[in-house]
1. Buried accessible area between B and A (1.4 Å probe, both chains summed, ligands and nucleic acids excluded), in Å² to the nearest 100?
2. Run through segment A:81-172 and list the trypsin sites (Lys or Arg not before Pro) located in a DSSP loop whose Cβ has at most 12 other Cβ atoms within 10 Å.
3. Can you give me the % of accessible surface on chain A that is carbon or sulfur? Probe 1.4 Å, all protein chains present, nothing else counted.
4. For chain A, what is the accessible area per residue in Å² when the probe is 1.4 Å?
5. Summing +1 for each Lys or Arg and -1 for each Asp or Glu, what net charge is found among the other residues whose Cβ lies under 11 Å from the Cβ of B:SER133?
6. Only Cα pairs within less than 10 Å get springs; with that Gaussian network setup on chain A, which residue of A:SER34, A:SER18, A:SER124 has the largest fluctuation?
7. Count the net charge of all other residues whose Cβ sits under 11 Å from the Cβ of A:GLY123, scoring Lys and Arg as +1 and Asp and Glu as -1.
8. Can you give me the relative contact order of chain B as a percent, contacts being Cα pairs under 8 Å and 6 or more apart?
Amino acid sequence: MSAITHHIPDAILAAYTSGSLPHHYAVAVASHVSLCLQCRASLEAHQNMGGALLDATDRVAVSGHMKADLLAQLDAPVTPEPVYTRQGIYPRPVVEALKGQDPRWKSVGMGVRQSILSETKEGSVRLLYIPPGQAVPDHGHNGMEMTLVLQGSFSDETGHFGVGDIEIANEDLDHTPTADPGEACICLAATDAPLRFNALMPRLLQPFFRI
Amino acid sequence: MLQKKTEISEQTVWMLAVRDNRDRDAFCALFDHFAPRLKGFIMRTGCSAAQAEEIVQDVMLTVWRKAAMFDPHRAQVSAWIYQIARNRHIDVVRKENRPVPDELAEDPGSEPDASQILAIEQEAGELKKALSSLKPEQREIIEKAYLGELTHQEISDQTGLPLGTIKSRIRLGLERLRHELKGMR
Ligand SMILES: [Zn+2]
């Protein structure tokens, strides 16, 4: 398998580490880090930076009873939370968003399918299934779009993206990602909502179709 | 064996004692060191003292329960606790679960590599030095960034986060796990 060549910029990793990155993008970042040693090392460097700041913070005395309260809780039984782990091509954050279920694919036309993982006012994150050789329908996005390849590969005006590669496009990029021949391409795509598939239907209709 | 290496910081020694021996005295030492810092750190985001204490309590409980996840070859104790604190803060404030990557666990039988642990501590020391040499306004911006108060656009407008060479050090720590990593892609 080829090496990952498209990574996450430091500023985005720092925002992810600190928690300021919106949830839909954080799913994509955590998924890429699951696959990429280089970005994992960068993420952990940011964590060490956060740790250095924490260590240098002025102390504020805590209430006197706190330690005793805490020690009393150490042996309390813990209800285990569900722990999701990688399943096949899907890294943990995707499996978690799917709550361990299989993706629920819905056709958006031309053989392209999607499975929406989450959608809020702030943005959305979804899986896209693109048949070999097929172009992703022309789409616009407000703000940044992150596309992480989980299976197969695609190419667009900016380059070639294989498994583990993440494309981070700003809104000026008018691109036509096309799945390479061979295997169907499965991607994780995070955008500021809504993702607009221009060629498929008039924009006004789109809210009905949740695209 | 590690405990005899006095060069390794006492925080790391305490954390390993908690992880490997469920040592309560070591946990108390960690609490005494980190709880007041965590409270101060969390209050900088505008949390009340009471809310900050609740988060500190949750964070320290997680430190005890998830101690097995601590890997000194990649992170300082403070870095590990920093991330737990940020995650908890987001859970509380935004009521959403933060997505986290697949975990890479050490092989159960693998021996600790003291030279790597020391190297990470040295690199973290360099980070602290770099931080203390920043102008106050620069430092304030970096603090805001790591307290989650800047967007990624705002962070990218800031030049040169002083991450130094720690990335390559951590990468070496991760390479120790390559046995497991092979299965990841
Ligand atoms: Zn990467």
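1. Interface between B and A: roughly 6400 Å².
2. Working: sites: A:ARG86, A:LYS99, A:ARG104, A:LYS106, A:ARG113, A:LYS121, A:ARG126; in loops: A:ARG86, A:LYS99, A:ARG104, A:LYS121.
Here the sparse-neighbourhood loop sites are A:LYS99, A:ARG104, A:LYS121.
3. 54
4. 43
5. On the way: positive: B:LYS128, B:LYS129, B:LYS135, B:ARG139; negative: B:GLU126.
After counting each charged neighbour, the total is +3.
6. So, out of A:SER34, A:SER18, A:SER124, the one fluctuating most is A:SER18.
7. My count for the surroundings of A:GLY123 gives -2.
8. 23
The values are calculated or read from the model by the stated rules, or taken from the named source; none is laboratory data. The model shown is predicted, which means the values in this text are computed figures rather than measured ones. All Cβ positions, glycine included, derive from the backbone under ideal geometry; neighbour counts span all protein chains shown. For the accessible areas, the whole protein counts, side chains as well, though only heavy atoms, and no ligand, DNA or RNA atoms are used. Shrake-Rupley method; radii C 1.70, N 1.55, O 1.52, S 1.80 Å.
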